[in-house]
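Only one structure is covered here, and it is reproduced in the block below.
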Amino acid sequence: MSARTEHPQRDVFFVSNSVNELGGVTSWSHQMARLFTEQGHRVHVIGITEPAEPQDIGTDLPYPTTTLYDEHPPRVGPARGIKGRLNIAERRLRAARTAGMHEQAAKLTALFRRARPGAVVIVTQVWAMEWVTLADTAGLTVIGMSHESYAYTRASSRYGRVRRFYKDVDRMLALTREDADLWIRKGGMDNASYLPNPLPFMPEVPSPRTGKVVTSIGRLHDQKGIDMLLDTWAEVAPLHPDWTLRIYGSGEDEEMLKAQCTALGLDGSVEWMGRTGDVPGALRGGSVFVQSSRGEGFPLALMEAMAAAVPCAAFDCAPGVHEIVHDGEDGLLAGLGNTGELARKLDLLMSDKELRDKMGELARQNVQRYTTGEIVRRWEELFAFLDR
Amino acid sequence: MGLIADRERDPDVSVVVIVYNDEARLRAAVRSVLDQTLRGVEVVIVDDCSTDGSYEVAQWLAAENPGRVRAFQLPENSGGCGEPRNVGIGHTRGRYVMFLDSDDVLERNACRNLLEAAERDGSDIVSGLCVRLHLDRRNQKRVEWYPWLYARTQVLDSVTELPDLFVWDTLSTNKMYRRGFLMENQLRFLKGMFYEDLMFIAEAYLAAERITLIPNQVYFWHVYEKAAAKSISNRRHEMTNFVHRMEIHRRIDALLAERGLTELKLAKDVKFLKHDLVLHLRDLPFRDDSYRQEFAGIARDYLTSLAPEAYDEVQSIQAVCAYLLRENDWDNLLPAVDTLTNRDKISAPLVERDGHVYWCAEHLDDPFGRHVLDVTDLGHHTRTVDRMFLRNTLTGYAERGGTAHGGTTRGGTGRGGTGRGGTGRGGTGRGGTVRLAGRIVNPLGVIPEGARLTGHLEFRARRRSLQSFRFPVAVLRHEGDSVSWEAEADLAGKLRPLGIVDEVWDVRLKLDVDGVRTTTRLTASEHDLAEGLLPVRPRLTRMVADHVEPVVSQRGHLAFRLVARDRVEDKERVRELVVRGIHGRPGKLAKSGFQRAKKLRKKLTSGETKIRVYGEVFSRLPVKKGLVVFESQLGKQYSDSPKAIYEEMLRQGLRFEAVWSYAGSPEGFPAEATLVRRWSLPYLRALAQAEFWIDNQSYPLKLTKRPETTYIQTWHGSALKRMGFDEAAWKLKSKARQQEQQRVLNRFDRFLIRSEHDVRTLAKAFRLQERTLLRVGYPRNDALVHAREREAAAGRRARGPLAAELGIPEDKQVLLYAPTFRKHGGRNQRFELPFDVERFAAELGDRYVLLVRAHYLNHVVLPPSVRGTVIDVSARHDVNPLMELSDALITDYSSVMFDYALLDRPLLFFAYDYEEYAHEGRGTYFDLLERAPGPVVRTEDELYGALDSLAEDDAKYQPERERFVAEFGEYDKGTAARSIVEQFFSHWSRS
């Protein structure tokens, strides 16, 4: 990286729920950890506890990792009402948890103390922030991140915790300006700003866009809305009997979704591909990419498809989606949950090879604004700005 | 390393803090700057030659924070905010400049957020949200300053892109300016004038080449309402104030004219009418004549410079006031100002001319006046007297034995009386009785001559009223445009306040017009009240107060306030003790007890409790054989298929117990049935014990149906729009919510179907089991099928009694216009008709009568000019008789089309917003444009064209209607109600 010498070298800590839990945040933190290491920063990736479902992060990491707990900290909710306050077992558990938290936070404090001036703590998930709050971060810049859209957080229990634990961090980062604006106005987070995620990879060979295949990649989970994709496909398939929908991914809803597929009479045109380790290959096999999620943050899948020059049709489920896809230019968006509209958009792309080529090429070009070099530059700028 | 900001280099931001005699708060203001998350900030304090210790505090702060705080003082007091800020600008060193007043504070991240945006966008000005905090209110009310401007980040290359910013956010303090920008454009504040911000910010906005708005809170404006020295904005009643305001407006207008910015000028004119003028107008009733004349002289001159188009952009009452002021018509202006203050009040007699309603009879020969004074749209002519809030002016006020007061001094009792008043005043009415007289306006003769009039005055405490007192109105005289009245109130004898908790007593006059009641308030702002005290005997204690005095509320209404007269000092002391008690521990205990009781009551009457009572109490009672609960459109109507089934059951003489649910008023519901209000306990009990539920939409979602109860869901129309699980909103619900929804739908034991289209759409969308589907057609449509059969048999169309009731002449054809529900109704769900009804009346009124039926959740206002030609039939419960009466239907996408087609009469589709409806909304099941069994028109002109050739086109569309009926109404054979009764109730005994 050419920028290496222009920036002061810092100690950068990533603090997440786990070092290696399955999911986008893990992939993101290790990608950024590598990039920062390449910049000459001293990186340390910290997890609070072991994950429920691990992800392979490799063994040749160029930076140290630490997991605080040996076993998962006790799970206990807040005391509610008189009954809750009188429950002795719960009280003990809660006390044990609090004591344990202080003990682990002390480990964090020790790590932070060793850092040089100008060090940065990046907390990727709000649960991890509960420990960072207890640690001594004097002299360090603390950045708290929310890796999903405002609306999706709003509907979950994380909303209250983000507002509470990120209230006094030096910068709270959302993924898009629109999300940050919502955090500011509706969430009352005046320290909010935003930074997008980087593109994970740039495939050498784009898709030829010749196969009559529509690709979907995502866990078979309610959030990814595969049920709505099937409803959509039921409207499109009769118009294009020679096309196939390939659904990559596995998950808890598999059985239910396959039953729905059969009930809709789509078994002839839908292929269940299972989980794939070769995303670029899967993308190269298709001519159109479809995403039917109920909620997203800054979806990597869309960026990957665009990088592979595959035009996307997607539900506009989050600011991150219309930030990545310029509707009508390098992809097509439909109102969230409006399967009829998504079907019309798919139909447009499937019927018109020229449109696919135009949008696909433009997509590959446009998505370059999220290359790693560009995103790293923005992080360095942020670090410098927060020093002022 | 360069990591730690170089303290020696120039700061990023300089904050100019101005202070005048505010030593106590200066420190907090400066602290809020020094505590910024951005470290590179400096403070420049400029003291406007204070007479207290402000400058010493400033110097001390400077000494304590060397390099970060500097203090300066003007040689003599400048009397405003402008000059100190100008001096401050001169001393700044930062790349960016902000202004802060000594009694306010910055948000902690303000400088960092503003700076980030300024550097990112290269902006000359960055502006953030200002929040007014009312610190002396117990709940610390916060009011956001024009929050809609700050809903999201916006970058403007010119202020002309966002005129609202230019006209509304005229503060200089919630902003960061590039210092170079201030210098290059020589931007400075005016000296020695109020509203210096207005001019400064207007010039700055116009000069800026880039402006960024950020949604962050940046500035907390502390408001102290009770402060002794009122700030400028609180003293707006002062004439100089107004003179300054007008002068600034003139100068800004000149700036705009110089640059040819007519659009900004118009936006500014609109704001002037909506805001600036209103602020001053509201004070007029409380001012004397010489003030009014002087005010009018200054204002009139400026008003003539406003663009006439501006009048169309404001509320009609605002335009009316501006116009009347311009015309110097005080007789009409003062009542109009009453409406300006009391929004829903009708304060003028109004006149009807040529089918339009005007504010007053004067000025109608002036075309512009006629235009502005036309208030038809307010719909006053469609209102009954009980729905009107009439102006009631006090014309006489006297204490018995004393003389009527017409004095010239008004003293401290005006304007809600912030002073405690009452001390040492004479003129106590010995008898304690007041004589009141007044005049109630009678708009459009809504109170008819010869009407039976009775009334009484009601005294009620403003807060926590536990009791009210009434005094009869002895005299009521109809005088054409108004009703005059006289009453006597023996306050000493009859008014018994508790004391302490009920300090202020409001007075209302309740007038009964032929038994219909309307409530008025007594407008006393223009009348001089006696400044006397009347003895009263508070029930709790006379330690605090023993008299009442008349006061005028901020809205201009008469009220009475409890005061002390005898041994005032003692009472002050007692009062202080009492107040201390209220705010202290005993008070808190009492209050929290009160609040807990309130919470408990709320909980007991909440929906949740009712559902529990339904589930745990009512559902344990035995199901009553023969108990049927009917509901239509969530209880809003007595109509549709539930009504048709009910009437068929009556016709067959079945013995059963009928319960009808109603929401709102029971009027129009069958008197012989048991009527229960929706969500009331009797309603829930009836549902729990019913053998049958018959409804066309849904009973409360959370009520579980007992297995012994049979739910016949008749539904209310075939679907064009996607429904149920075919709608995006339903698909997006989580699995758990979807299952919950499905449980609600699974309550249906029977679901009526009128064609296989329903099976493909509704039944699928609700995921209903095949066995629940009842393919019998809609009972409500039986009548339509019969009407068609009758017509075919007789060879002619017979009009029922409804035609006479609506006053429709024999020789006119009847059109029914029934559009579907539209959300963008604004306030009160007002539905703007998509065509000009007056044009309809003019062009087609000789041949047609148009019945307008808005969706039951919308409403329309028709001008009097179309009376007899265009009739609003929205309030009628049942649309069926209207369909039978009409000779053709105009609709857009309402499901009424599916039913009307059964009559085999012309249908016309006025689909002016089809694309928006079909695509941007939730989508449709089929393309209406392809399958419509009648002409589809897109514009008003096309509509008239189609109406012209309605008869000729009819034959052409006959086969299409046939097909339409076959597809969407194949089971509607006119026997639906009968077959339902046969299937479910035939075994019941008959009388």
| note | Placing one equal point scatterer on each C-alpha of the protein assembly as shown and summing with Debye, one gets log10 I(q)/I(0) at q = 0.05, 0.08 Å⁻¹ equal to -0.53, -1.41
| task | Could you please report the charge total around residue B:209, scoring K, R as +1 and D, E as -1 over all other residues with beta-carbon less than 13 angstrom from its beta-carbon? | result | -3
| message | Can you give me the long-range amide H partners of residue B:657? Hydrogens built in the peptide plane at 1.01 Å from N, cutoff under 5 Å, separation of 5 or more residues or another chain. | response | B:627, B:628
| field | region B:276-405: relative contact order in percent, alpha carbon pairs under 8 Å with at least 6 residues between | value | 20 percent
| request: Apply 1/(1 + (r/R0)^6) to the Cβ-Cβ distance of residue B:307 and residue A:177, taking R0 = 51 Å, and write down the FRET efficiency to the nearest 0.05. | output: 0.90
| Karplus couplings for region B:345-362 from phi (6.51 cos²θ - 1.76 cosθ + 1.60, θ = phi - 60°), rounded to Hz, Gly and Pro as x? | 6, 9, 10, 10, x, 6, 9, 9, 9, 6, x, 10, 9, 10, 4, 8, 7, 7
| message | Tell me the net charge near residue B:255. Cut-off is 12 Å between Cβ atoms, residue B:255 excluded, with +1 for each Lys or Arg and -1 for each Asp or Glu. | response | +2
| Label-point separation, residue B:384 to residue B:554 (7 Å along Cα→Cβ), nm | 3.5 nm
| request: Would you tally the net charge around residue B:924, using a Cβ to Cβ cut-off of less than 9 Å, leaving residue B:924 out, and scoring K and R as +1, D and E as -1? | output: +2
| note | Any residue on another chain or 5+ positions along whose placed amide H is under 5 Å from the amide H of residue A:172 is listed here as A:144, A:192, A:193
| Length gained when the stretch residue B:791-residue B:354 is fully extended (0.36 nm per residue, less Cα-Cα span) | 153.4 nm
| task | May I ask you to list the residues of region B:763-794 whose amide nitrogen lies under 15 Å from a point 7 Å from Cα along the Cα→beta-carbon direction of residue B:975? | result | B:775-779, B:782-783, B:785-786
| task | Kyte-Doolittle cut-off -0.5, length cut-off 30 Å along the helix's own axis using Cα: show which whole DSSP H helices in chain B pass. | result | B:239-259
| Shielding of B:213-219 by partner chains, average beta-carbon count, 10 Å | 4
| query | Where does helix A:353-366 land angle-wise versus the long Cα axis of chain A, in degrees 0 to 90, nearest 10? | reply | 20 degrees
| Could you give the angle, 0 to 90 degrees to the nearest 10, between helix A:24-38's Cα long axis and the longest principal axis of the Cα atoms of chain A? | 70 degrees
| field | Sorted by Cβ neighbour density within 10 Å, fewest at the top, the residues B:131, A:120, B:15 | value | B:131, A:120, B:15
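So what is Rg over Rh here for chain B, counting just Cα atoms and using Kirkwood for Rh?
Using Cα coordinates only, the ratio equals 1.02.
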| remark: When B:286, B:189 are ranked with the fewest other C-beta atoms within 10 Å first, the list becomes B:286, B:189
| task | State, to one decimal in nm, how far the label point of residue B:665 lies from the label point of residue A:210, with both points 7 Å from Cα in the Cβ direction. | result | 7.5 nm
| request: Note the full-extension length gain between residue B:836 and residue B:624 as 0.36 nm times their separation in residues minus their Cα-Cα distance, in nm to one decimal. | output: 70.9 nm
| request: Please give the peptides A:184-197, B:623-636 ranked by average Cβ packing (other Cβ atoms within 10 Å per residue), highest first, as a rough proxy for protection. | output: A:184-197, B:623-636
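Ranking B:111, B:360 by Cβ neighbours within 10 Å, fewest first, what do you get? Spell out each step's value before the answer.
On the way: B:111 27, B:360 21.
Going from sparsest to densest Cβ surroundings: B:360, B:111.
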| query | Can you give the helix-only mean residue ellipticity at 222 nm for chain A, where every DSSP H stretch with n ≥ 4 adds -39500 (n - 2.57) and the sum goes over all residues, rounded to the nearest 500 deg cm²/dmol? | reply | -12500 deg cm²/dmol
| Hey, got the average number of other protein chain Cβ atoms within 10 angstrom for residues in B:106-117? | 3
| note | Amide H neighbours of residue B:513 at under 5 Å, excluding residues fewer than 5 places away on the same chain, with H built from the backbone geometry, are B:518
| When Cβ neighbours within 10 Å are restricted to other protein chains, what is their mean count per residue of peptide B:626-638? | 0
| task | First measure r as the distance between the Cβ atoms of residue B:927 and residue A:351, then evaluate 1/(1 + (r/R0)^6) with R0 = 30 Å and state the FRET efficiency to the nearest 0.05. | result | 0.95
| Can you give the convex hull volume of the alpha carbon atoms of region B:609-776 per residue, in Å³? | 127 Å³
| Per-pair calculated FRET efficiency, R0 = 35 Å: residue B:595 and residue A:89 via Cβ, rounded to 0.05 | 0.55
| note | A correct Karplus calculation of ³J(HN,Hα) over region A:8-20, with 6.51 cos²θ - 1.76 cosθ + 1.60, θ = phi - 60°, whole Hz and x for Gly and Pro, returns x, 8, 10, 8, 10, 9, 9, 10, 10, 4, 9, 5, 9
| query | For region B:691-745 and region B:283-337, what is the separation of their Cα centres, given in Å? | reply | 55 Å
| query | How large is ³J(HN,Hα) for each residue in region B:159-173, as worked out from phi by the Karplus curve 6.51 cos²θ - 1.76 cosθ + 1.60 (θ = phi - 60°), to whole Hz, x for Gly and Pro? | reply | 5, 5, 6, 9, x, 4, 5, 4, 8, 9, 8, 9, 7, 9, 8
| message | Per 0.36 nm of contour for each residue apart, how much would the distance between residue B:139 and residue B:449 grow if the chain were fully extended, relative to their Cα-Cα spacing? | response | 106.6 nm
| request: Take the alpha carbon gyration tensor of region B:192-339, find the square roots of its eigenvalues, order them as a ≥ b ≥ c, and report rounded if a/c is under 1.5; if not, report prolate when a/b exceeds b/c, else oblate. | output: oblate
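Quick one: which of B:636/B:735; A:186/A:224; B:624/B:702; B:733/B:764 span more than 20 angstrom between C-alpha atoms?
Distance filter (> 20 Å) returns B:636/B:735; A:186/A:224; B:624/B:702.
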| query | So how far apart, in nm, are the two label points at residue A:378 and residue B:733 if each is 7 Å from Cα heading toward Cβ? | reply | 3.7 nm
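Could you check what % of the DSSP bridge pairs in chain B are antiparallel, to the nearest 5?
If I count the DSSP bridges inside chain B, around 50 percent turn out antiparallel.
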| message | At 222 nm, what value in deg cm²/dmol follows for chain B if DSSP H runs of at least 4 each add -39500 (n - 2.57) and the sum is divided by all its residues, to the nearest 500? | response | -9500 deg cm²/dmol
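Just so you know, all these numbers are worked out from the coordinates, no wet-lab data involved. Please read all numbers here as calculations on a predicted model, not as lab measurements. In this analysis, Cβ positions are derived from the backbone assuming ideal geometry, glycine residues included, and neighbour counts consider all displayed protein chains.
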